[in-house]
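These notes concern the structure reproduced below.
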Amino acid sequence: MKAVIDTNVFVSAFLSPFGRPAGVLRLVLSGRVQALYDVRILSEYRDVLFRPKFHFKKENIDFLLAQIQLEGQFTVAEPLPEPLKDPSEEMFLEVAVSGGADFLVTGNLKHFPPRKYRGVHLLDPAAFMAQLQKQA
């Protein structure tokens with residue numbers, strides 16, 4: 001299963017290791033979910049997760065980023081035909097659509113089109129985990 005994971009999901013996962021975002025993180029680390037990414041997304045992950053205000057362990061972030069690059073799918077994304085309300089979120093949807101992702105998982109659904117966009121299901125971490133349980 002392919003998914004693009006918004007940065008806020010990983011931030012939440014590191015802040016609360018027993019919440020739904022942490023479940024998404026574990027699925028990525030286990031290889032059950034293949035994370036799609038491009039240079040912009042990796043750069044944002046790195047920039048945000050290494051912010052001093054979070055105090056995340058460097059080795060945990062390095063492991064996540066290495067795992068995404070090793071097991072994920074690098075994607076060359078085409079621009080969206082119409083802009084999003086928040087242009088900083090466009091890269092996630094561009095990669096999801098261009099890479100043929102099944103899901104885009106984000107804690108900021110309000111910045112994206114409702115539910116489904118060009119074959120990509122847009123879900124928050126709780127809905128994503130519930131969807132996976134239904135498929136199991």
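The values are calculated or read from the model by the stated rules, or taken from the named source; none is laboratory data. Everything quoted here is computed from the prediction, not taken from an experiment. Counting neighbours? That spans all protein chains shown, and the Cβs are built from the backbone with ideal geometry, glycine included. Remember, those area values only see protein heavy atoms, side chains included, never the ligands or the DNA or RNA. Shrake-Rupley method; radii C 1.70, N 1.55, O 1.52, S 1.80 Å.
A few notes on this one:
- Separation of the Lys85 and Arg40 label points, Cα + 7 Å toward Cβ, nm: 1.9
- The chain, relative contact order [Cα under 8 Å, separation at least 6], %: 29
- Rounded, prolate or oblate (a/c below 1.5 giving rounded, otherwise prolate when a/b exceeds b/c) for region 13-60 by Cα gyration tensor: oblate
- What region 1-126 shows is 52 Å² of accessible area per residue, with the surface traced by a 1.4 Å probe over protein heavy atoms.
- Modelled FRET efficiency - R0 22 Å, Tyr117 with Val76, Cβ distances, 0.05 increments: 0.70
- Heavy-atom accessible surface of Ile61, to the nearest 10 Å², is about 0 Å², with a 1.4 Å probe and all protein chains retained.
- Between the listed residues Ala3, Leu65, His55, the Cα displaced farthest toward the positive end of the dipole of the chain, a dipole computed from Cβ unit charges relative to the Cα centre, is found at His55.
- Sequence of Arg115, Arg40 when ordered by accessible area, the most exposed leading, probe 1.4 angstrom: Arg115, Arg40
- Accessible surface of the chain, 1.4 Å probe, proportion on carbon and sulfur as whole %: 54
- Note on Rg and Dmax of the Cα atoms in Å: of the candidates [x] 15.2, 53; [y] 13.8, 39; [z] 15.1, 49, the value calculated from this structure sits at [y].
- Each Lys and Arg adds +1 at its Cβ and each Asp and Glu adds -1 at its Cβ; summed about the Cα centre, the chain shows a dipole of about 500 debye.
- Using just its DSSP H runs of length 4 or more, each adding -39500 (n - 2.57), the chain gives a mean residue ellipticity at 222 nm of -14500 deg cm²/dmol after division by all residues.
- Using 0.36 nm per residue and subtracting the Cα-Cα separation, the extra length available between Ala130 and Lys58 on full extension is 22.9 nm.
- Of all aspartates and glutamates in the structure, the ones whose alpha carbon falls short of 20 Å from that of Lys53, not counting any fewer than 8 places away in one chain, are Asp6, Glu44, Asp62.
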